[in-house]
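**Q** My questions will all concern the structure given below.
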Amino acid sequence: MRTSYKQNEFGEIFYNLVTTYKPESVVELGVLDGYSTMHIAKGLQTNDRGRLWGYDLWEDYGYKHGDMDEVYDMLREEGLSSYVTLMKGDAFEVHDEWAENEIDFLHVDISNDGKVIKEIMELWHPKVSGIIAFEGGSVERDNVDWMDKYDKESIVEELRTNKLINEYYTYYTYTEFPSMTIMFRRLRGCL
Ligand SMILES: C[S@@+](CC[C@H](N)C(=O)[O-])C[C@H]1O[C@@H](n2cnc3c(N)ncnc32)[C@H](O)[C@@H]1O
């Protein structure tokens with residue numbers, strides 16, 4: 001299974017996030033071969049509740065992409081298909097399918113860069129009541145070759161300056177490669 005998450009076993013982070021926070025509604029933007037999808041679904045299976053909706057452009061994406069039928073086959077073999085709905089959709093458009101605060105856990109992994117994170121936050125922040133996790137956030141990840149080659153904007157800098165993130169979320173970045181930033185919606189005076 002192709003994924004940059006495997007080398008440092010990020011599947012365990014997804015599984016532990018899901019079994020700890022027990023989300024009912026999980027949305028994933030960027031499925032590829034289904035590594036993160038599978039580990040989120042394993043957590044939902046352990047919880048015996050919740051569902052994951054996974055969006056990807058699949059064959060419409062001009063770079064490395066996966067195949068929806070193959071991901072469903074893998075999920076079926078793992079006994080996880082009843083927890084997951086896969087769809088074709090553009091992450092910058094399908095937010096309209098969700099109501100305000102409807103999503104408990106959003107995972108964003110669509111070849112992220114600083115501009116992607118900025119735009120995704122503007123579109124999806126109103127839909128999320130709990131956790132947003134996205135791939136990236138470390139200096140090492142900002143410096144991978146394609147970020148430099150295509151002159152992509154820094155995620156570290158976006159995290160530092162993004163008004164929505166800094167007003168509404170408490171977050172940390174797990175820095176093992178490729179890194180992941182996990183953001184918890186602030187409770188606003190509840191504690
Ligand atoms: C880095 S891969 C996802 C990796 C996967 N989450 C994993 O665990 O290995 C990026 C995926 O995002 C998809 N993608 C890129 N731009 C997208 C967009 N605007 N909307 C939906 N999917 C997109 C690509 O087709 C590709 O499958």
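The values are calculated or read from the model by the stated rules, or taken from the named source; none is laboratory data. Values in this document were obtained by computation on a predicted structure and should not be read as measured data. Here the Cβ is made from the backbone with ideal geometry for all residues, glycine too, and neighbour counts use every protein chain on show.
**Q** Tell me, which residue of segment 18-28 that is closer than 16 Å to Leu106 by Cβ and touching a helix residue (DSSP H, G or I) at 6+ places or on another chain (Cβ under 7 Å) is nearest to the ligand (Cβ to nearest atom)?
**A** Here the answer is Glu28.
**Q** Another question about this same structure. Looking only at segment 5-17, which residues are more than 7 Å from the ligand (Cβ to nearest atom) and not in a helix (DSSP H, G or I)?
**A** Within segment 5-17, the subset more than 7 Å from the ligand (Cβ to nearest atom) is 6-17.
The answer is Glu9, Phe10.
**Q** I need the full set of residues from segment 2-37 which are surrounded by fewer than 18 Cβ atoms within 10 Å (Cβ to Cβ), farther than 19 Å from Val116 by Cβ and either basic (Lys, Arg) or in contact (Cβ under 8 Å) with a residue 12 or more places away in the chain (or both), in order please.
**A** Arg2, Lys6, Gln7, Asn8, Glu12, Asn16, Thr19, Tyr21, Lys22, Glu24, Asp33
**Q** Counting only residues that are of a type outside the set (Gly, Ala, Ser), surrounded by fewer than 20 Cβ atoms within 10 Å (Cβ to Cβ), away from the ligand (no atom under 16 Å from the Cβ) and under 19 Å from Ala91 (Cα atoms), how many does segment 128-152 have?
**A** 0
**Q** Give me the pairs, please: first residue somewhere in segment 72-99 and surrounded by fewer than 16 Cβ atoms within 10 Å (Cβ to Cβ), second residue anywhere and in a helix (DSSP H, G or I) and modelled with pLDDT under 95, beta-carbon distance under 6 Å, and either six or more positions apart or on two chains.
**A** Qualifying pairs under 6 Å: none.
**Q** Among the candidates Asp48, Asp60, Asp109, which residue alone is farther than 15 Å from Lys127 by Cβ, loosely packed, with under 13 Cβ neighbours inside 10 Å, of a type in the set (Asp, Glu) and in contact with a strand residue (DSSP E or B) (Cβ under 8 Å, 6 or more places away or on another chain)?
**A** Working: Asp48 fails: in contact with a strand residue (DSSP E or B) (Cβ under 8 Å, 6 or more places away or on another chain); Asp109 fails: loosely packed, with under 13 Cβ neighbours inside 10 Å.
Only one candidate qualifies: Asp60.
**Q** For segment 55-88, how many residues meet the condition of being on the phi > 0 side of the Ramachandran plot and within 15 Å of the ligand (Cβ to nearest atom)? Lay out the reasoning, then the answer.
**A** Quick first cut of segment 55-88, residues on the phi > 0 side of the Ramachandran plot only: 58, 79.
Imposing the further condition that a residue be within 15 Å of the ligand (Cβ to nearest atom) reduces the set to 58.
Number satisfying all stated conditions: 1.
**Q** Find the residue count for segment 125-144, including only residues that are over 18 Å from Met180 (Cα atoms) and either in a helix (DSSP H, G or I) or of a type in the set (D, E, K, R) (or both).
**A** 2
**Q** I'm told Glu100 meets every condition in (1) of a type in the set (Asp, Glu); (2) in a loop (DSSP other than H, G, I, E, B); (3) within 11 Å of the ligand (Cβ to nearest atom) except one. Can you identify the failing condition by its number?
**A** Here Glu100 meets the rest and fails (3).
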